[in-house]
Every structure is written in C-alpha cells, then in structure tokens.
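The values are calculated or read from the model by the stated rules, or taken from the named source; none is laboratory data. Values in this document were obtained by computation on a predicted structure and should not be read as measured data. Positions of Cβ are generated from backbone atoms using ideal geometry, with glycine treated the same way; all protein chains shown enter the neighbour counts. The protein model used for the area step is the full one, side chains on, heavy atoms only, and it has no ligands, DNA or RNA in it. Shrake-Rupley method; radii C 1.70, N 1.55, O 1.52, S 1.80 Å.
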Amino acid sequence: SKNDDIVFEYPLYKALADGYVKQPVLVYRNGGYASDAQGEQRQLQDALSLLRRKEEAYSEWRLAHPDGKQTKPLLFVVCQNVEHATTIATRLREPDYFDSTEAVLQVDSQHTDAATEAKLRYLDADYSPVRCIVSVNKLREGWDTKRIAVMCTLRAMGSEVLTQQVMGRGLRLPFGSITDEAAIDELEILS
C-alpha cells in the first residue's frame, strides 16, 4: 500500500538482468484460444508439445553436464476449480497426453492426502514419475520446485499478486544458473 515503509525493493526485471531467474515468455496462437473445451484441448496440446521440446533440451544438458544437478522439466496447469482440475487431470492421464496416472498429480483442496504430499515432497528427486501438476490456487507461497518449465493457465488470474505468485513458481533456474539455452532458461506460459 502507499503507507508501506519499503526497506528494499528488487523487481523482476532486475532479477532477470542479474541472471537469477528464468525469462517468462507468453506463448499464444495468433487467433488465441477459444474459451470452450476445444480451446482448452488445443492449449493443453500446445503445452505438452512445449514440454516435450524442453524434455529434449534438459536431457541434452544433463548428458553434457553429468556431474551437475540433474532435473527434469514439469508442466504446471492452473485450473478454475476442483471439478475443472479433476476433468483436466483425467484428460491429461489419457493416451493422447501423458498416458499415465503417475505422471499427472492433482493438487487442490480435495487432493491433499499423504500420498499427494509425499509426491510433492519428492518432486525434485530423480525417481519422481510426475511430469505434470494440475492445481487450483493451492501451490502459491511456500512451495518450491525448480522443475516447472511450462505453465498453462486455464483460468483468468484475478489479480496482479496472484499472477505474480503463480508465475513465480516457474521462474526458478532448474540447474542453479543461466545455461544460455533458451529452452531451459525460459518459462513458457500459455494463457
């Protein structure tokens, strides 16, 4: 607020210039995405295509740097509500997408059991099968992973703060520093 006494300010553009975070890139089609099920399907297909490209880039980086940090990219999907998230998670587990129940983790107010918490806790482990997280405003502050490489928002972001919090989930550098590989150093956001 205007009455706040700011002690220190470090805006995103400065963090980008200093090489501490990934570059956010908005990805879209010229005509946009329709606001119906077909539009969502196209958006999810585009997100998966981007994720596959990033998986190749991450794999090449790991091969070239075997002694460095090892990680895999992740798709982060933001949904409107629990019902919407359930529909999307179910679709993403189908053969046309991930073709796996283990690859897609749904996290929302109805999916916060011990198994989900364990999968989140070990998300950065090499053995994690999770390739996609479907969420409804559950993973904002206090949740940390460097794996988010593609973000797909299937809902309007209600405020600038919410947009920043959600986008911030994906800005962390997967290998700890800038790699000079655009497919690794950029967070692609489909919205």
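Every Cα-Cα pair in the chain was counted, and those over 19 Å apart are 60% of them.
Per residue, the stretch 1-71 exposes 74 Å² of solvent-accessible protein surface, assessed with a 1.4 angstrom probe and all protein chains in place. Taking Leu171, Leu74, Leu63 as the candidate residues, the one with maximal mean-square fluctuation in a Gaussian network model of the chain, Cα springs under 10 Å, is Leu63. How big is the dipole moment of the chain about its Cα centre under a simple scheme where the beta carbon of each Lys and Arg is +1, that of each Asp and Glu is -1, and everything else is neutral? Debye, nearest 20, please. Result for the chain is approximately 100 debye, rounded to the nearest 20.
Please give the net charge around Glu56, taking every other residue with its beta carbon less than 13 angstrom from that of Glu56, where Lys and Arg add +1 and Asp and Glu add -1. Overall, the nearby charge balance is +2.
Of all lysines in the structure, the ones whose alpha carbon falls short of 18 Å from that of Lys146, not counting any fewer than 8 places away in one chain, are Lys22, Lys54, Lys69, Lys72, Lys119, Lys138.
The GluC sites (Glu not before Pro) of the stretch 1-77 that DSSP puts in a loop, and whose beta carbon has at most 12 other beta carbons within 10 Å, are Glu9. Residues whose amide H comes within less than 5 Å of that of Phe76, counting only those at least five positions distant or on another chain, are Ile133, Ala149, Val150, Met151, Cys152 (H built at 1.01 Å from N in the peptide plane). Computed with the Debye formula from one identical point scatterer per Cα of the stretch 1-103, without solvent, the log10 of I(q)/I(0) at q = 0.12, 0.13, 0.16, 0.17 Å⁻¹ comes to -0.66, -0.74, -0.96, -1.01.
Of the solvent-accessible surface of the stretch 1-53, computed with a 1.4 Å probe over protein heavy atoms with every protein chain present, carbon and sulfur atoms account for 49 percent.
Between Ala64 and Asn30, residue separation times 0.36 nm minus the direct Cα-Cα distance comes to 8.7 nm.
Shown in residue order for the stretch 22-35 are the 3J(HN,Hα) couplings computed by the Karplus curve 6.51 cos²θ - 1.76 cosθ + 1.60 at θ = phi - 60°: 6, 7, x, 10, 7, 10, 7, 9, 3, x, x, 10, 4, 8 Hz (x for Gly and Pro). When you filter the chymotrypsin sites (Phe, Trp or Tyr not before Pro) in the stretch 1-40 for DSSP loop state and at most 13 other Cβ atoms inside 10 Å of their Cβ, you are left with Phe8, Tyr28. Expressed as a whole percent, the proportion of Cα-Cα pairs in the stretch 1-59 lying more than 14 Å apart is 73%.
Rounded to the nearest Hz, the phi-derived 3J(HN,Hα) couplings of the stretch 173-179 under the Karplus curve 6.51 cos²θ - 1.76 cosθ + 1.60 (θ = phi - 60°) are 6, x, 10, x, 7, 5, 9, where x marks glycine and proline.
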